[in-house]
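What follows is one structure encoded as structure tokens, with my remarks underneath.
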């Protein structure tokens, strides 16, 4: 049965989370180890820069999502807390330091993402490729997932990343097209779909993610899911938007676990190999587990 999204909006209350968004913080000795090998090496993670609610869990499990090409984004998406402005010059030693951290932490499935670098001629595609190559050379048993920007639609830039052969190519659609002007003013919905389509045509496993709770309705989410699937994308993540700070747009609704389950079932009907949907789901959350489950369904 479909859960009426209007019912979900009724429970929305500024500053007050519903019960399903309350959970204890995870902690273990691995958290300090991750902090040592990440932050002491001058590296950045989206876990910190984007104020991810899963940070303590992921750090406790001995992993993190690395943010390359600095921590200042050339764009200013209204949902994201990553710094925006004029990015610094590329740190050419960063890929090697990330590879070293991956090795020291024993990470078997690493997610590499970046700020958007519209200031660079190729949007940082070559830097992504170099990072993939170095990690693979130093960590041959580690699967590499990249979460990339749209490279302003440059097919050559996308080709550079694909040619480095990451195991998973991820690009997030983020929200419904009707909210792009408000939420992602420097992005283009069809351009992002084209990024996914190019990656899928190359034969690489392709993944995307969307947020809910920004003011969209159920029919819009289902339409976006179908658009993403038609690009050839096989893995989809759906999570609740949570306002990182007062600088970002407000949450319009808290979507219930039942509604997330409905989206998961609908995604499976559409044909996705795996749909990971839930309040705390993020595009890189439990990425290794998601890839494993998707592969299992593809082999059935």
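Just so you know, all these numbers are worked out from the coordinates, no wet-lab data involved. All of these numbers come straight from a predicted model, not from anything done at the bench. As a convention, Cβ positions derive from the backbone with ideal geometry for all residues, glycine included, and neighbour counts pool all protein chains shown.
Structure data summary
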item: Per-selection Rg to Rh, the stretch 161-300 - Cα, Kirkwood hydrodynamic radius; result: 0.95
item: Rounded to 10°, Cα long-axis angle of helix 218-230 versus longest principal axis of the chain; result: 40 degrees
item: With Cα atoms, 0 to 90° folded angle of helix 257-270 axis to the chain main axis; result: 70 degrees
item: Helix-only CD estimate at 222 nm, as mean residue ellipticity for the chain, using -39500 (n - 2.57) per DSSP H run (n ≥ 4); result: -11500 deg cm²/dmol
item: Spin-label model distance (nm) - residue 40 vs residue 152, 7 Å beyond Cα toward Cβ; result: 4.0 nm
item: The stretch 257-300 pair-distance distribution - Cα-Cα, 10 Å bins, rounded %; result: 28, 55, 17
item: Per-selection Kirkwood Rh - the stretch 109-189 (Cα, Å, 1 d.p.); result: 13.4 Å
item: Between helix 125-138 and the chain: long-axis angle, C-alpha atoms, 0 to 90°, nearest 10; result: 70 degrees
item: Segment residue 84-residue 181, length gained on full extension (0.36 nm per residue, minus Cα span); result: 33.2 nm
item: Where Rh is the Kirkwood radius over Cα pairs, Rg/Rh for the stretch 43-132; result: 0.96
item: Sites residue 108 and residue 163 - FRET efficiency at Förster radius 30 Å, r taken between beta-carbons, to 0.05; result: 0.80
item: √(5λ) per eigenvalue of the Cα gyration tensor, the chain, largest first, Å; result: 28, 22, 20
